[in-house]
1. Is it true that some residue in the range 429-438 is modelled with pLDDT of 90 or more, in contact with a His (Cβ under 7 Å, 6 or more places away or on another chain) and surrounded by 18 or more Cβ atoms within 10 Å (Cβ to Cβ)?
2. All but one of (1) surrounded by fewer than 16 Cβ atoms within 10 Å (Cβ to Cβ); (2) modelled with pLDDT of 95 or more hold for Asp446, so report the exception by its number.
3. Being surrounded by 20 or more Cβ atoms within 10 Å (Cβ to Cβ), over 15 Å from Thr6 (Cα atoms) and in contact (Cβ under 8 Å) with a residue 24 or more places away in the chain: is that true of Leu92 here?
4. So is Pro471 free of Cβ contacts under 8 Å to residues at least 40 places away in the same chain and either within 20 Å of Leu543 (Cβ to Cβ) or not assigned by TED's automatic domain parsing to the domain that holds Ile568 (or both) or not?
5. Using the structure shown, decide if Asn120 is touching a helix residue (DSSP H, G or I) at 6+ places or on another chain (Cβ under 6 Å) and polar (S, T, N, Q).
6. Among the numbered criteria (1) more than 16 Å from Leu560 (Cα to Cα); (2) in a helix (DSSP H, G or I); (3) out of contact with any helix residue (DSSP H, G or I) (no Cβ under 7 Å at 6 or more places or on another chain), which single criterion is violated by Ala457?
7. Residues in the range 156-168: is at least one assigned to a helix (DSSP H, G or I) and touching a strand residue (DSSP E or B) at 6+ places or on another chain (Cβ under 9 Å)?
8. Could you check how many residues of the range 160-185 are surrounded by 21 or more Cβ atoms within 10 Å (Cβ to Cβ) and β-branched (Val, Ile, Thr)?
Amino acid sequence: MTIFKTIHAVVSTAVDEAAKSGALVLNAAAPTFVVEPPREAAHGDLATNVAMVLAKVAGKPPCAVAEILKPLLEQNPDITGVEIAGPGFINLKLQPKIWQQEIQEILKSGIHYGDSTIGNRLKVNVEYVSANPTGPMHAGHVRGAVIGDTLTHLLAKAGYDVTREYYFNDAGTQVDVLARTTYLRYREALGENIGEIPDGFYPGEYLKDVGVTLAQRDGKKWMDKDESEWLVPIRNFAVDYMMRMIRDDLDLIGIKHDVFTNERELIENGTLEKAFKILEDKGLIYVGTLPPPKGKVMEDWEPAPLTLFRSSKFGDSTDRPLKKRDGNWAYIMPDIAYHYNKIQRGFMLMINMLGTDHGGYLERMRPVVAAFSDDKAHLNVVYNNIVKIFKNGEPVKLSKRSGNLITLREMVEQVGAGAVRFFMLTRDPKSPLDFDFAKVVEQTRDNPVFYVQYAHARCCSILRHASEIFPVNEITAEALAKTDVSGITSPDELLLIKFMANWSRVVEAAATAQEPHRIAFYLMELAALFHGLWHKGNDNASLRFIVPDDKNLTRTRITLIKAVQTVIQSGLAVMGCPPLEELRNERPEEAA
């Protein structure tokens with residue numbers, strides 16, 4: 001149990017005691033309250049809004065409720081001070097031992113420190129990447145891929161049952177263009193001079209390998225055939241090849257999906273018809289007309305009967321056509337069928353990662369999910385903004401069609417997988433991100449990737465130095481968890497412990513908000529606190545972590561260092577970033 005939950009229970013007990021004694025008469029069940037760090041450290045260790053949320057059901061002003069609870073809380077031996085602040089907040093100060101014991105909890109839990117059960121094993125499907133199989137993974141895909149994958153790790157840590165899914169469109173015109181381009185490259189591989197790649201085709205060099213591989217497999221089988229004969233088999237070959245390439249690219253940054261779903265299969269197995277029939281049986285399909293699109297002047301507009309879904313019944317701004325005027329499926333129908341398929345597989349929470357150019361997607365799809373599940377299932381979309389790539393200080397324009405690509409593979413080769421992943425999480429997804437190759441690898445405190453990894457490397461260095469003083473078996477996590485840490489009393493050390501103790505709350509809050517970038521922000525703050533403590537020891541020898549003349553004090557301080565190392569590892573694991581044990585510019589004499 002975390003410190004916050006422990007003190008929450010203490011406050012709940014105080015409320016119960018006040019109610020039993022008659023000092024506090026509640027005319028309804030006590031509302032939910034929180035125990036959290038105060039906004040300013042000077043206000044105490046923890047703060048609770050319990051008096052404010054109880055005021056209405058107690059029929060008393062918040063400050064009056066707080067005055068009733070104050071003496072009951074002061075009776076607890078772990079609480080050293082209770083103050084009432086502002087409109088009725090109760091600020092609490094705790095015994096140092098409460099925080100000191102948290103170090104032992106960190107070391108006992110290891111990388112699982114911060115794990116939560118708030119997800120209650122709810123089945124959640126996270127769909128991310130979902131790039132169409134027309135080329136290798138490039139920089140434009142990477143941000144959504146990393147955010148989505150980190151979100152799956154975060155949700156799993158928070159206690160959800162997570163399925164990672166990749167959905168791709170292999171039934172549109174793009175894959176037909178891919179097939180035709182592959183056919184050109186196939187003919188080129190067999191010795192034909194194909195000249196310039198025609199406009200509208202994919203000119204990227206990566207398709208040469210696809211053509212060569214097809215030629216090696218099939219020889220001249222397709223050379224004199226009509227397009228009607230080769231389009232489908234070559235399209236299938238090209239899509240399979242591209243998907244293998246995409247999987248290999250994703251593997252470079254540690255991304256693996258549990259499920260791959262494609263649009264063509266949904267069409268061919270009749271899922272679209274099944275989904276439509278479900279909506280029809282629910283009385284949600286009708287034939288009607290729609291007004292012209294808002295904000296557009298269309299002089300030749302003529303309303304025509306359309307097959308419509310009563311989307312407005314579920315909060316949409318308008319009903320949605322599911323069939324075109326010619327009777328064919330509307331473009332939205334495959335996505336409707338896809339989400340019907342997810343609900344059939346038992347997912348009550350679905351999260352899709354999309355670019356900001358898909359801004360209206362949630363508005364269109366949320367009513368469908370509500371209709372299929374009778375409002376039991378929920379859909380959310382996490383939108384991520386563009387990534388601007390810079391090379392040698394100059395912006396790089398990306399275009400798959402022009403063949404001018406910065407690929408995921410190139411990014412990893414230049415800066416490393418961990419750096420790519422971390423940097424993609426250093427901004428709120430809704431904000432544009434500048435990815436400058438030079439800045440991602442620079443070793444300064446202005447680079448958050450380096451700053452956090454340097455904190456971990458420093459911890460490792462300190463522990464290596466400690467092994468020169470203590471036998472290795474005495475400085476393992478298990479051994480250090482038994483250390484008497486009552487000597488950790490300085491304000492800076494206690495502040496560091498308090499911040500680490502907040503890790504579980506960060507995990508829960510980030511998972512609930514579906515904002516994995518909060519993990520990167522937390523690690524940056526933790527690294528700053530640790531580096532600040534290290535620098536004080538660098539300036540004052542008595543504050544160093546390793547004090548050769550005092551083995552007991554050294555053991556106590558390296559126990560704290562092991563805890564810092566553990567929490568950083570826990571955070572980096574959520575982000576999918578391997579922790580580094582050494583950095584090239586770290587000097588051994590700095591480590592202690």
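The values are calculated or read from the model by the stated rules, or taken from the named source; none is laboratory data. Model, not experiment: these values are computed from the prediction. Positions of Cβ are backbone-derived with ideal geometry, glycine not excepted, and every protein chain shown enters the neighbour counts.
1. Of all residues in the range 429-438, those modelled with pLDDT of 90 or more come to 429-438.
Among the residues that remain, those that are also in contact with a His (Cβ under 7 Å, 6 or more places away or on another chain) are: 429.
Keeping just the survivors that are surrounded by 18 or more Cβ atoms within 10 Å (Cβ to Cβ) gives 429.
The answer is yes; a qualifying residue exists.
2. Unmet for Asp446, out of (1) surrounded by fewer than 16 Cβ atoms within 10 Å (Cβ to Cβ); (2) modelled with pLDDT of 95 or more: (2).
3. Details: surrounded by 20 or more Cβ atoms within 10 Å (Cβ to Cβ): yes; over 15 Å from Thr6 (Cα atoms): no; in contact (Cβ under 8 Å) with a residue 24 or more places away in the chain: yes.
So Leu92 does not fit the description; no.
4. On the way: free of Cβ contacts under 8 Å to residues at least 40 places away in the same chain: yes; either within 20 Å of Leu543 (Cβ to Cβ) or not assigned by TED's automatic domain parsing to the domain that holds Ile568 (or both): no.
Considered against the rule, which asks whether it is free of Cβ contacts under 8 Å to residues at least 40 places away in the same chain and either within 20 Å of Leu543 (Cβ to Cβ) or not assigned by TED's automatic domain parsing to the domain that holds Ile568 (or both), Pro471 comes out as no.
5. Working: touching a helix residue (DSSP H, G or I) at 6+ places or on another chain (Cβ under 6 Å): no; polar (S, T, N, Q): yes.
Spelling it out, it is not the case that Asn120 is touching a helix residue (DSSP H, G or I) at 6+ places or on another chain (Cβ under 6 Å) and polar (S, T, N, Q).
6. It fails just one condition, (1).
7. Residues of the range 156-168 assigned to a helix (DSSP H, G or I): 156-157.
Right, trim to touching a strand residue (DSSP E or B) at 6+ places or on another chain (Cβ under 9 Å) and you get 156.
Looking through the range 156-168, at least one residue is assigned to a helix (DSSP H, G or I) and touching a strand residue (DSSP E or B) at 6+ places or on another chain (Cβ under 9 Å).
8. So the count comes out to 4.
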